[in-house]
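To keep things clear, I will list the structure first and then write my remarks on it.
The values are calculated or read from the model by the stated rules, or taken from the named source; none is laboratory data. Bear in mind that the values here come from a model prediction, so they are computed numbers and not experimental data. Please note: Cβ atoms are built from the backbone with ideal geometry, for glycine as well, and neighbour counts cover all protein chains shown. The protein model used for the area step is the full one, side chains on, heavy atoms only, and it has no ligands, DNA or RNA in it. Shrake-Rupley method; radii C 1.70, N 1.55, O 1.52, S 1.80 Å.
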Amino acid sequence: MINSNNKRILVADDEPDITLMLKRVLEENGFRVDSFNEPSAVLQSFKPGIYDLLILDIKMPSINGFELYLKLREIDPNVKVCFLTALSELRDYEDYRKEVFPKWGERYFVSKPIENEELIRRVNAMIWSY
């Protein structure tokens with residue numbers, strides 16, 4: 001396994017059980033995790049250069065994950081992102097997807113539900129590859 005020590009991840013999902021599960025699994029694998037259930041709390045707390053990866057749910061009530069990412073990217077243009085979604089949700093947000101990732105090769109999505117081992121494999125790949 002790749003050394004995940006000192007790698008910091010921000011998780012945002014409006015479902016507390018999902019953020020709790022993601023936080024637990026990621027911390028058990030050596031990551032430092034800050035989790036949020038409200039996009040507004042993310043925007044208030046976010047500082048540039050702190051996170052190695054953002055894991056954002058696409059479907060949230062006040063602001064969707066793509067909109068949140070665009071706002072966070074204004075604060076830190078180098079931040080890496082992974083979106084959590086059901087494939088049907090991704091189709092619903094196709095216009096946002098095109099704005100955030102104009103080329104299909106430039107995106108990272110994880111489908112819900114995801115197995116713990118697959119989550120860690122994908123997170124490591126995203127942190128270390130782009």
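Within region 38-54, residues that are farther than 16 Å from Lys23 by Cβ and at pLDDT 95 or above sit with their Cβ atoms under 6 Å from residues that are open to solvent by 60 Å² or more (accessible area, probe 1.4 Å) and β-branched (Val, Ile, Thr), at 6+ positions apart or across chains, in these pairs: Phe46/Ile75; Pro48/Ile75. Considering every residue within region 99-107, establish whether at least one is open to solvent by less than 60 Å² (accessible area, probe 1.4 Å), at pLDDT below 90 and within 14 Å of the chain's Cα centre (by Cα). There is at least one residue in region 99-107 that is open to solvent by less than 60 Å² (accessible area, probe 1.4 Å), at pLDDT below 90 and within 14 Å of the chain's Cα centre (by Cα). Scanning region 111-130 for residues being touching a residue at least 24 places away in the same chain (Cβ under 8 Å) and of a type in the set (Gly, Ala, Ser) gives a total of 1.
Being at pLDDT 90 or above and either open to solvent by 40 Å² or more (accessible area, probe 1.4 Å) or assigned to a loop (DSSP other than H, G, I, E, B) (or both): is that true of Leu20 here? Write out each step before concluding.
Working: at pLDDT 90 or above: yes; either open to solvent by 40 Å² or more (accessible area, probe 1.4 Å) or assigned to a loop (DSSP other than H, G, I, E, B) (or both): yes.
Yes, satisfied.
Does Lys47 meet the test of being basic (Lys, Arg), outside any helix (DSSP H, G or I) and closer than 18 Å to Tyr108 by Cα? Can you show your working first?
Values: basic (Lys, Arg): yes; outside any helix (DSSP H, G or I): yes; closer than 18 Å to Tyr108 by Cα: no.
Spelling it out, it is not the case that Lys47 is basic (Lys, Arg), outside any helix (DSSP H, G or I) and closer than 18 Å to Tyr108 by Cα.
Among the residues making up region 74-87, those that are out of contact with any helix residue (DSSP H, G or I) (no Cβ under 7 Å at 6 or more places or on another chain), under 26 Å from Pro113 (Cα atoms) and either hydrophobic (A, V, I, L, M, F, W, C) or modelled with pLDDT of 90 or more (or both) are Leu84, Ala86, Leu87.
Here Ile120, Ile58, Ile127 are screened, and the one residue that is surrounded by 15 or more Cβ atoms within 10 Å (Cβ to Cβ) and modelled with pLDDT of 90 or more is Ile120. Scanning region 1-15 for residues that are at pLDDT below 95 and either open to solvent by 60 Å² or more (accessible area, probe 1.4 Å) or not in a loop (DSSP other than H, G, I, E, B) (or both) yields Met1, Ile2, Asn3, Asn5, Asn6, Glu15.
How many residues, within region 61-90, are assigned to a loop (DSSP other than H, G, I, E, B) and either charged (D, E, K, R) or surrounded by 12 or more Cβ atoms within 10 Å (Cβ to Cβ) (or both)?
Within region 61-90, the subset assigned to a loop (DSSP other than H, G, I, E, B) is 61-64, 76-80, 86.
Restricting the remaining residues to those that are either charged (D, E, K, R) or surrounded by 12 or more Cβ atoms within 10 Å (Cβ to Cβ) (or both) gives 63-64, 76, 79-80, 86.
Summing the residues that are assigned to a loop (DSSP other than H, G, I, E, B) and either charged (D, E, K, R) or surrounded by 12 or more Cβ atoms within 10 Å (Cβ to Cβ) (or both) in region 61-90 gives 6.
Residues that are open to solvent by less than 60 Å² (accessible area, probe 1.4 Å) and in a strand (DSSP E or B) within region 23-44 comprise Val33, Asp34, Ser35, Phe36, listed in sequence order.
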